[in-house]
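Engineer: The structure follows.
The values are calculated or read from the model by the stated rules, or taken from the named source; none is laboratory data. This is a predicted model, so every value here is computed, not measured. Here the Cβ positions follow ideal geometry from the backbone for every residue, glycine too, while neighbour counts run over all protein chains shown.
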Amino acid sequence: MLGLKLATDPRWVNIAEKNIEEILIDHAFCEQKAATNGISLIVMYPDKEKLVATVTPIVAEEWGHFRMVLKEMEKRGYKLGPKRADKYVVELFKLERKGGKAENQMMDKLLIAALIEARSCERFRLLSENISDHELRDFYHELMISEAGHYRIFLDLAKEYMPEAIVKQRLQEMLEAEAEIMKNLEVRGDRIH
């Protein structure tokens, strides 16, 4: 369903479970960035009524997820700490075309958001199926479902503003590039991506 061309390295979930404090901290920052990205889309495209109406509840949901992760951290005595760079997301944003038609840039932004949600969904599935902490298994199962829905919403929004054939073609290009990014990233169990 997600269309990812390269599955997460199977070692990731084992390493992640041994670093659950770091995973939760990184996850909190990912949710914060997802909310911020949604706000940025609304600010950049206030004239796109469907986008504004669709992304606004996603922003609220992502911020709610941020609060949920903070609650899980608090239960375990973990602190948020300084912000972190997300090399995966930085590399994905390099795929966005600069210049040219504004519609292409908007489509790229929506597809990048979809890819981030897809990879998060895949990682959350792995956590929900493999970690020993049953409370966190349920937590990540719930979030996996949400991320899958966000993935679909961002794809549908891209198709709302661009012809479906163009969206599909660009998505395939980006999926190939995303697989290359994943292939070249170090397997780290202290990061969601």
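Engineer: Can you name the residue in region 71-87 that is surrounded by 17 or more Cβ atoms within 10 Å (Cβ to Cβ) and modelled with pLDDT of 95 or more and is also farthest from the chain's Cα centre (by Cα) among such residues?
Structural biologist: In the first step, residues of region 71-87 are kept if they are surrounded by 17 or more Cβ atoms within 10 Å (Cβ to Cβ); the result is 72-73, 78, 86.
Now narrow it down to the ones that are modelled with pLDDT of 95 or more: 72-73, 78.
Details: Glu72: 19, Met73: 20, Tyr78: 22 Å.
The residue in question is Tyr78.
Engineer: Still on this structure: Looking at (1) at pLDDT below 95; (2) under 13 Å from the mean Cα position of the chain (by Cα), find the lone condition where Lys101 falls short.
Structural biologist: Just one mismatch for Lys101, condition (2).
Engineer: Follow-up question, since we're still on this one. Report the residue count in region 7-32 for those that are over 13 Å from His193 (Cα atoms) and assigned to a loop (DSSP other than H, G, I, E, B).
Structural biologist: Adding up the residues that qualify gives 2.
Engineer: Moving on to the next point. Going by what's in this entry, would Glu61 be described as among the charged types (D, E, K, R) and more than 24 Å from Gln172 (Cα to Cα)? If you could, list the steps in order and put the result at the bottom.
Structural biologist: On the way: among the charged types (D, E, K, R): yes; more than 24 Å from Gln172 (Cα to Cα): yes.
So Glu61 fits the description; yes.
Engineer: Then there's this: Does region 73-91 hold any residues that are out of contact with any helix residue (DSSP H, G or I) (no Cβ under 8 Å at 6 or more places or on another chain) and outside any helix (DSSP H, G or I), and which are they?
Structural biologist: Gly77, Pro82, Ala85, listed by residue number.
Engineer: Still on this structure, I have one more. Test Pro46 against the stated conditions and say whether it is without any contact (Cβ under 8 Å) to a residue 60 or more places away in the chain, more than 19 Å from Arg137 (Cβ to Cβ) and either touching an Asp or Glu at 6+ places or on another chain (Cβ under 7 Å) or not in a helix (DSSP H, G or I) (or both).
Structural biologist: Yes: the conditions hold for Pro46.
Engineer: Restricting attention to region 49-71, and to residues there that are of a type in the set (Asp, Glu) and out of contact with any Asp or Glu (no Cβ under 8 Å at 6 or more places or on another chain), which single residue is nearest to Lys33 (Cα to Cα)? Lay out the reasoning, then the answer.
Structural biologist: If we filter region 49-71 for residues that are of a type in the set (Asp, Glu), which is where we start, we get 49, 61-62.
Within this subset, residues satisfying the condition of being out of contact with any Asp or Glu (no Cβ under 8 Å at 6 or more places or on another chain) are 49, 61.
Numbers: Glu49: 22, Glu61: 12 Å.
Ranking the qualifying residues of region 49-71, first place goes to Glu61.
Engineer: Quick one: in region 8-46, which of the residues that are at pLDDT 95 or above and of a type in the set (Gly, Ala, Ser) is surrounded by the fewest Cβ atoms within 10 Å (Cβ to Cβ)?
Structural biologist: Checking each candidate, the answer is Ser40.
Engineer: Give Ser128, Ser132, Ser120 a once-over and let me know the one that is at pLDDT 95 or above, among the polar types (S, T, N, Q) and surrounded by fewer than 20 Cβ atoms within 10 Å (Cβ to Cβ).
Structural biologist: Being at pLDDT 95 or above, among the polar types (S, T, N, Q) and surrounded by fewer than 20 Cβ atoms within 10 Å (Cβ to Cβ) holds for just one of Ser128, Ser132, Ser120, which is Ser128.
Engineer: Evaluate region 112-135: report whether one residue or more is in contact with an Asp or Glu (Cβ under 8 Å, 6 or more places away or on another chain), among the β-branched types (Val, Ile, Thr) and under 27 Å from Thr56 (Cβ atoms).
Structural biologist: Taking every residue of region 112-135 in turn, at least one turns out to be in contact with an Asp or Glu (Cβ under 8 Å, 6 or more places away or on another chain), among the β-branched types (Val, Ile, Thr) and under 27 Å from Thr56 (Cβ atoms).
Engineer: Counting only residues that are closer than 27 Å to Pro57 by Cα and modelled with pLDDT under 95, how many does region 149-193 have?
Structural biologist: Adding up the residues that qualify gives 3.
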